[in-house]
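To start, the structure under review is shown below, and the notes come after it.
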Amino acid sequence: MSKNILITGGLGQLGLFLYSEFKESYKVINTSRTGLFDSVSLDVTNALEVEETLNEYCPDIIFNCASYNNVDNCESNRKEARDVIVFG
């Protein structure tokens, strides 16, 4: 039986790499904030949404690749950046 892998931030560079590496051998649930390109929509700053997603897919392994990568906006949107990077 194949293990379930859940990737947060699955449309970023690291997330896409991990998805491509594991998709042939495991059931990979690729998530992103937008839910585009066959990814599952997941806002890592929303605890209820995270809990529901974990309960739905029951991953054996989680790769947290979610990030706030707009460096210029990190200074002006400190709370949002901290919510994604620290609390997510």
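Of everything listed in (1) open to solvent by 80 Å² or more (accessible area, probe 1.4 Å); (2) farther than 21 Å from LYS3 by Cα; (3) polar (S, T, N, Q); (4) free of Cβ contacts under 8 Å to residues at least 12 places away in the same chain, the single unmet condition for ASN55 is (2). Cβ-Cβ contacts under 8 Å between residues 6 or more apart (or on different chains), taken from a first residue in region 15-43 that is modelled with pLDDT of 90 or more to a second residue that is among the hydroxyl-bearing types (Ser, Thr, Tyr) and in a loop (DSSP other than H, G, I, E, B), are listed as SER25/SER2; TYR26/SER2; LYS27/SER2; ASN30/SER39; THR31/SER39; SER41/THR34.
Between LEU6, LEU36, LEU16, the distinction of being farther than 10 Å from ALA66 by Cβ, exposed (fewer than 15 other Cβ atoms within 10 Å of the Cβ) and of a type in the set (A, V, I, L, M) belongs to LEU36 only.
The values are calculated or read from the model by the stated rules, or taken from the named source; none is laboratory data. Here the structure is a predicted model, which means the values were calculated and not measured. Using ideal geometry, Cβ is built from the backbone for each residue, glycine included, and neighbour counts are taken over all protein chains shown. These area figures cover heavy atoms from the full protein model, side chains too; ligands, DNA and RNA do not enter into them. Shrake-Rupley method; radii C 1.70, N 1.55, O 1.52, S 1.80 Å.
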